[in-house]
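A quick write-up on the structure given underneath.
The values are calculated or read from the model by the stated rules, or taken from the named source; none is laboratory data. Everything numeric here is computed off the predicted structure, so don't read it as measured data. Methodologically, a virtual Cβ is constructed for each residue, glycine included, from the backbone with ideal geometry; neighbour enumeration extends over all protein chains shown.
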Amino acid sequence: MKRIIIAIFLLAEIYGLSGQASLDSILPIRGLTLSAPSPAGVDKFVSFINTELVPRKVNTLLFLIGYRYQYMSHPEVVAENALSESDIKKIVAACKAGKIRLIPQINLLGHQSSADKLGPLLKAYPHFTETPWIPSRTDSSTVKWPNEWGLYAFSYCPLHPDVHDVVFEVMDELMEVCEADAFHAGMDEVFYLGEEKCPRCQGRDHAELFAGEVTAIRNHLALKNRELWIWGDRLIDGKATGVGYWEGSYNNTSRAIDLIPKDVVICDWHYERADPTAVLFATKGFRVVTCPWRHTDVTLQQLKFMVDFRNSATPATKNNYQGMLHTTWTGGDDFIDQFYGRKEVNTRRGGNYVEAFKALFDTMNRMGK
């Protein structure tokens, strides 16, 4: 803990610029990801925005909601504990009042199931799956990871002729209720794409398939001047860079980095090491935000990299380095309870994402006025 505190003050002293620079000019994006609360937790969620996020100068909230909204366009995909329109409007109002940009997220393409449960889209439309020969996980008694198929999470087939009719209508409805101008499509850890047994995707180039789906989503959003954000791992060559199977691609999607529109915002996540891959995206012409998680020392090193990159970049790339987006990966209710000490922080994987969040924003807020 002492080492972390010293690091915070050193970073603040080095990059604080004696309070002469505005925080917005040093780090335009200062964000947090939070999963949607339960309906009963909405008021606590709003209070957390008002009392904790606004004073910390959080200006971007990535709202992980997925299918936990009471969609009118496709009620068949509504998940358990779904929020109502009035619930969402409370959160929207709090973000507006606090000058926080609210960006809703639904996992598209990959992550169509969790560790022990099939996701709402494939549960309602099982024929959308990229891997129909693998048994669907509908409860904890079915397919688990690891398994004989090497299945981690299902993907939908991006070439299925009906999938976008459903996905885009749900996406549009969520964007409207959130009054949002940007959407996060997830698209991380897509391990199942262009499968040999898929009647539509077999034999197709994986990079082109991935880029095609990113572009289709981006183009749909652009019809209403909305922006697309995605996680960046599938655009990194995992073997060549050494970041590995999870944080980079081993199924040849990385070449999509040269095939997708440059106005897509890349969320570059690394959790165990401060790998400087933001440079890859910025020099390719993308705006990029660095996304830490649970290790405070790694988080502060990632912050240092981001500020260094932004300070030393050429005029052509400086604004591509946009800032920081802290991730939490727990329920919205749980994170708030852990933040206030009502529950113990889940340290099963090591580190402490609450401590890392506090250290990150304490440090950033010492950097400028």
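Is it fair to say residue 121 is outside any loop (DSSP other than H, G, I, E, B), within 22 Å of residue 329 (Cβ to Cβ) and either modelled with pLDDT of 95 or more or out of contact with any strand residue (DSSP E or B) (no Cβ under 7 Å at 6 or more places or on another chain) (or both)? When the stated conditions are applied, residue 121 passes them.
Which residue, of 108, 83, is surrounded by 22 or more Cβ atoms within 10 Å (Cβ to Cβ), aliphatic (A, V, I, L, M), closer than 19 Å to residue 329 by Cβ and touching a residue at least 24 places away in the same chain (Cβ under 8 Å)? Show your work before the answer.
Details: 83 fails: closer than 19 Å to residue 329 by Cβ.
On inspection, the qualifying residue turns out to be 108.
Evaluated against (1) out of contact with any Asp or Glu (no Cβ under 8 Å at 6 or more places or on another chain); (2) at pLDDT 95 or above; (3) among the aliphatic types (A, V, I, L, M); (4) in a loop (DSSP other than H, G, I, E, B), residue 72 falls short on exactly one condition, (1).
Residues in region 169-199 that are surrounded by fewer than 16 Cβ atoms within 10 Å (Cβ to Cβ) and either at positive phi or at pLDDT 95 or above (or both): 4 in all. Residues in region 334-350 that are assigned to a loop (DSSP other than H, G, I, E, B) and of a type outside the set (A, V, I, L, M, F, W, C): 340, 341, 342, 343, 344, 346, 347, 348, 349, 350.
I'm trying to understand the selection: among the residues of region 38-67, which are among the basic types (Lys, Arg) and outside any helix (DSSP H, G or I)? Break it down stepwise before answering.
Here is the first cut: in region 38-67, the residues among the basic types (Lys, Arg) are 44, 56-57.
If the condition is that a residue be among the basic types (Lys, Arg) and outside any helix (DSSP H, G or I), then 56, 57 are the ones that fit.
Can you tell me which of 247, 272, 208, 227 is within 29 Å of residue 316 (Cβ to Cβ) and more than 16 Å from the chain's Cα centre (by Cα)? Don't jump to the end; show me each part of the working.
Values: 247 fails: more than 16 Å from the chain's Cα centre (by Cα); 272 fails: within 29 Å of residue 316 (Cβ to Cβ); 227 fails: more than 16 Å from the chain's Cα centre (by Cα).
After applying the criteria, what remains is 208.
Exactly one residue out of 228, 209 is assigned to a strand (DSSP E or B) and in contact (Cβ under 8 Å) with a residue 12 or more places away in the chain, and it is 228.
Does residue 188 meet the test of being in contact with a helix residue (DSSP H, G or I) (Cβ under 6 Å, 6 or more places away or on another chain), of a type in the set (Asp, Glu) and closer than 23 Å to residue 132 by Cα?
Working: in contact with a helix residue (DSSP H, G or I) (Cβ under 6 Å, 6 or more places away or on another chain): yes; of a type in the set (Asp, Glu): yes; closer than 23 Å to residue 132 by Cα: yes.
When the stated conditions are applied, residue 188 passes them.
Candidates in region 231-254 are the residues that are aromatic (Phe, Trp, Tyr) and assigned to a helix (DSSP H, G or I); of these, the one that is surrounded by the most Cβ atoms within 10 Å (Cβ to Cβ) is 246. Within region 293-311, the presence of at least one residue that is at pLDDT 95 or above, outside any helix (DSSP H, G or I) and in contact with a strand residue (DSSP E or B) (Cβ under 9 Å, 6 or more places away or on another chain) is confirmed. Consider residue 258 carefully, then state whether it is at pLDDT 95 or above and out of contact with any strand residue (DSSP E or B) (no Cβ under 9 Å at 6 or more places or on another chain). For residue 258, the condition - at pLDDT 95 or above and out of contact with any strand residue (DSSP E or B) (no Cβ under 9 Å at 6 or more places or on another chain) - is met.
Summed over region 308-335, the residues that are among the aliphatic types (A, V, I, L, M) and buried (at least 21 other Cβ atoms within 10 Å of the Cβ) give a count of 2.
Could you list all residues from region 150-165 that are loosely packed, with under 13 Cβ neighbours inside 10 Å and either in a loop (DSSP other than H, G, I, E, B) or at pLDDT below 90 (or both)?
150, 161, 162
Suppose the filter is out of contact with any His (no Cβ under 6 Å at 6 or more places or on another chain), in a loop (DSSP other than H, G, I, E, B) and small (Gly, Ala, Ser); does residue 356 pass it? Considered against the rule, which asks whether it is out of contact with any His (no Cβ under 6 Å at 6 or more places or on another chain), in a loop (DSSP other than H, G, I, E, B) and small (Gly, Ala, Ser), residue 356 comes out as no. Consider residue 285 carefully, then state whether it is of a type in the set (Gly, Ala, Ser), crowded, with 18+ Cβ neighbours inside 10 Å and out of contact with any Pro (no Cβ under 7 Å at 6 or more places or on another chain). So residue 285 fails the test. In region 55-72, the residues that are on the phi > 0 side of the Ramachandran plot and touching a residue at least 12 places away in the same chain (Cβ under 8 Å) never reach a residue that is surrounded by fewer than 21 Cβ atoms within 10 Å (Cβ to Cβ) and among the acidic types (Asp, Glu) with C-beta atoms less than 6 angstrom apart, at least six apart or across chains. Filtered by the rule that a residue be within 17 Å of residue 269 (Cα to Cα) and surrounded by 16 or more Cβ atoms within 10 Å (Cβ to Cβ), region 336-353 gives 351, 352, 353.
Would you mind stating whether residue 221 is buried (at least 16 other Cβ atoms within 10 Å of the Cβ), within 27 Å of residue 181 (Cα to Cα) and not hydroxyl-bearing (Ser, Thr, Tyr)? Can you show your working first?
Working: buried (at least 16 other Cβ atoms within 10 Å of the Cβ): yes; within 27 Å of residue 181 (Cα to Cα): yes; not hydroxyl-bearing (Ser, Thr, Tyr): yes.
Against the criterion (buried (at least 16 other Cβ atoms within 10 Å of the Cβ), within 27 Å of residue 181 (Cα to Cα) and not hydroxyl-bearing (Ser, Thr, Tyr)), residue 221 qualifies.
For region 126-143, the set of residues classified as closer than 21 Å to residue 170 by Cβ and either surrounded by 20 or more Cβ atoms within 10 Å (Cβ to Cβ) or modelled with pLDDT under 85 (or both) consists of 128, 129, 130, 136, 138, listed by residue number.
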